[in-house]
Amino acid sequence: MTEEEIIARFRANENPSADTLGIEVTAYDRPLNRVTLLCHASRAHCHSIEGHPKGGIVQGGFVTGWLDAAMAHACIARSEFTVGVPSLEIKVSFLLPAHPGLYHAYGWITRWGRRISFMEAELRDDKGTIIARASSTAALVHTKKD
């Protein structure tokens with residue numbers, strides 16, 4: 001599959017959590033094994049809304065979800081949709097608060113094994129400032145190839 005075909009397949013078959021998280025796949029770089037997601041943070045993703053000058057602070061679970069989704073999409077893209085990737089562990093470092101707006105989550109593979117994948121991710125705002133970083137280990141559950 002080409003990079004464009006992989007992106008098109010993700011867009012045509014997004015899982016229901018993509019709507020809740022407000023994410024869409026915008027890029028896949030095969031040589032880097034890296035997926036880029038556009039994350040739409042809304043007030044519905046926030047706590048501390050009342051009186052907050054930037055509209056609230058995105059709840060950390062949503063930030064974690066964006067990072068986790070970027071890493072999982074990187075694995076699924078590399079496998080050309082032949083693996084599921086249940087998380088075994090995930091570590092997130094929240095460097096700055098996220099607020100309503102647009103963010104980019106970048107997820108990539110650092111080590112690919114037969115049964116396990118090690119991944120990393122970053123969340124950046126539109127100015128390129130790092131908001132959060134993550135590392136994760138996931139099982140590679142092989143499925144039949146279409």
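Would you check if A98 is assigned to a loop (DSSP other than H, G, I, E, B), under 16 Å from the mean Cα position of the chain (by Cα) and not β-branched (V, I, T)?
Details: assigned to a loop (DSSP other than H, G, I, E, B): yes; under 16 Å from the mean Cα position of the chain (by Cα): yes; not β-branched (V, I, T): yes.
Considered against the rule, which asks whether it is assigned to a loop (DSSP other than H, G, I, E, B), under 16 Å from the mean Cα position of the chain (by Cα) and not β-branched (V, I, T), A98 comes out as yes.
Take the residues of the stretch 27-42 that are surrounded by 13 or more Cβ atoms within 10 Å (Cβ to Cβ) and without any contact (Cβ under 8 Å) to a residue 60 or more places away in the chain: which is farthest from the chain's Cα centre (by Cα)?
So, considering only residues that are surrounded by 13 or more Cβ atoms within 10 Å (Cβ to Cβ) and without any contact (Cβ under 8 Å) to a residue 60 or more places away in the chain, the one farthest from the chain's Cα centre (by Cα) is S42.
Could you check the stretch 33-92 and list, in sequence order, the residues that are closer than 28 Å to R9 by Cα, in contact with a Cys (Cβ under 6 Å, 6 or more places away or on another chain) and assigned to a loop (DSSP other than H, G, I, E, B)?
If the condition is that a residue be closer than 28 Å to R9 by Cα, in contact with a Cys (Cβ under 6 Å, 6 or more places away or on another chain) and assigned to a loop (DSSP other than H, G, I, E, B), then V85 is the only one that fits.
For the stretch 80-101, state whether one or more residues are under 18 Å from I6 (Cα atoms), open to solvent by 20 Å² or more (accessible area, probe 1.4 Å), in contact with a strand residue (DSSP E or B) (Cβ under 9 Å, 6 or more places away or on another chain) and among the small types (G, A, S).
yes
I'd like to verify a number: residues in the stretch 120-146 that are more than 11 Å from the chain's Cα centre (by Cα) and of a type in the set (D, E), how many?
3
Taking the options I57, I23, name whichever one is touching a Leu at 6+ places or on another chain (Cβ under 8 Å), in contact (Cβ under 8 Å) with a residue 24 or more places away in the chain and hydrophobic (A, V, I, L, M, F, W, C). Break it down into steps so the answer makes sense when it comes.
Working: I57 fails: touching a Leu at 6+ places or on another chain (Cβ under 8 Å).
Matching residue, one of I57, I23: I23.
Sort out which residues of the stretch 68-82 are among the β-branched types (V, I, T) and under 15 Å from the mean Cα position of the chain (by Cα), and write them in order of number.
I76
Quick one: I109 ticks every box in (1) open to solvent by 30 Å² or more (accessible area, probe 1.4 Å); (2) touching a helix residue (DSSP H, G or I) at 6+ places or on another chain (Cβ under 9 Å) bar one, so which box is it?
(1)
Taking the stated definitions as given, is G65 in contact with a Lys or Arg (Cβ under 9 Å, 6 or more places away or on another chain), open to solvent by less than 60 Å² (accessible area, probe 1.4 Å) and modelled with pLDDT of 95 or more?
No, not satisfied.
Can you confirm whether S117 is surrounded by fewer than 13 Cβ atoms within 10 Å (Cβ to Cβ), more than 23 Å from E4 (Cα to Cα) and within 17 Å of the chain's Cα centre (by Cα)?
No: the conditions fail for S117.
The values are calculated or read from the model by the stated rules, or taken from the named source; none is laboratory data. All figures in this text were calculated on a predicted structure; none of them were measured in a lab. Cβ coordinates were reconstructed from backbone atoms using ideal geometry, including for glycine residues, and neighbour counts include every protein chain displayed. Calculation scope for accessible area: heavy atoms of the full protein, side chains included, ligands and nucleic acids excluded. Shrake-Rupley method; radii C 1.70, N 1.55, O 1.52, S 1.80 Å.
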